[in-house]
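The values are calculated or read from the model by the stated rules, or taken from the named source; none is laboratory data. Bear in mind the structure is a predicted one, so any value in this text is a computation, not a measurement. Positions of Cβ are generated from backbone atoms using ideal geometry, with glycine treated the same way; all protein chains shown enter the neighbour counts. All accessible areas refer to the heavy atoms of the entire protein, side chains included, with ligands and DNA or RNA removed. Shrake-Rupley method; radii C 1.70, N 1.55, O 1.52, S 1.80 Å.
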Amino acid sequence: MLPVQGNDTIRIMMNSPLKWIFFDVGETLVDESEPIEDITRQLIAAAGRRGIAVSRGHVRELWMEAHKRFSPFPMADILQTLFPDAALRQAIWSEMKYRKELDRPFPESRGILERLSSRYRIGVIANQSAGTADRLRSYGLLEHIDEVFASAELGLVKPDPKLYEYALNSAGCTAAETLMVGDRIDNDIIPAKHLGMRALWVRQGLALRQYSPSKISEPDGIIDSICELEHWLHEWQNGSADSP
């Protein structure tokens, strides 16, 4: 899919050369589909032990709708909808565990970062549990990343613009010199655009139904897979992308 941008964006690009590309982690560089499927199975099993039938399709639909509403805690919303009784909801939640060890990098991520790191500085801005750098190292990605700014280590959580401000200040770059790449409008695109960064929406994962609430928060481009990133960059920097 071609970038979504106009002539003004192209002129800004020419006036402010891109120096840094920041990435989200989950559903951007790393595939979270297996741990999401796993915790869905746990939910269905926990409900089934109590004689309550819950379907995978229904859970997935609730998950996508929670993202559409910009819910900060989609699983909490899902449980609230399925189990209005607080005691039952808590009991089911106590039997569930998100298995982050099931995360896997998208096959294209390492090659993309390796190639981009020869032309740009690469950073990560992500809501992640402790140990983000170690996990990125285990995936073979960290060697191509210059800076990691993760919520657990910094005590700042997206979409708080302060996390982005901290990253920009630490990296020593201006917002106009950066591009944010992420799968969520609420956590990745809106705060980046708010600060004057450029932003690319990767429509992977369960946030496909999200939308920008205003013109100023629209992404500069949209792709359907991380493997389209390099082509998008080429089209964007050469000003040959279609206008909206």
Original post:
Among the residues of segment 102-134, which ones are free of Cβ contacts under 8 Å to residues at least 40 places away in the same chain and either within 21 Å of Ile189 (Cβ to Cβ) or among the charged types (D, E, K, R) (or both)?
Top reply: Arg110, Glu114, Arg119, Asp134
Subject >> Matching residues in segment 184-197 - criterion: being of a type outside the set (Val, Ile, Thr) and either part of a helix (DSSP H, G or I) or open to solvent by less than 10 Å² (accessible area, probe 1.4 Å) (or both) >> reply: Asp186, Asn187, Asp188, Pro191, Ala192, Lys193, His194, Met197
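Quick grid of which residues meet (1) of a type in the set (Phe, Trp, Tyr); (2) at negative phi; (3) touching a His at 6+ places or on another chain (Cβ under 8 Å):
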| site | (1), (2), (3) |
| --- | --- |
| Leu156 | no, yes, no |
| Pro161 | no, yes, yes |
| Leu168 | no, yes, no |
| Gly172 | no, no, no |
| Thr178 | no, yes, no |
| Asp188 | no, yes, no |
| His194 | no, yes, no |
| Ala199 | no, yes, no |
| Arg209 | no, yes, yes |
Subject >> From Ile92, Ile125, Ile112, residue being assigned to a helix (DSSP H, G or I), within 30 Å of Ala175 (Cβ to Cβ) and open to solvent by less than 90 Å² (accessible area, probe 1.4 Å) >> reply: Ile112
Subject >> Members of segment 146-163 that are in contact (Cβ under 8 Å) with a residue 12 or more places away in the chain, in a loop (DSSP other than H, G, I, E, B) and open to solvent by 20 Å² or more (accessible area, probe 1.4 Å) >> reply: Asp146, Val157, Pro159, Asp160
Original post:
Got a number for residues in segment 164-183 being among the hydrophobic types (A, V, I, L, M, F, W, C), open to solvent by 10 Å² or more (accessible area, probe 1.4 Å) and assigned to a helix (DSSP H, G or I)?
Top reply: 4
**OP:** Could you grab me the full set of residues in segment 37-88 that are touching a residue at least 60 places away in the same chain (Cβ under 8 Å) and of a type in the set (D, E, K, R)?
**Re:** Asp38, Arg60, Glu65, Lys68
Original post:
Of the residues in segment 164-179, how many are closer than 21 Å to Asp220 by Cα and in contact (Cβ under 8 Å) with a residue 24 or more places away in the chain?
Top reply: 10
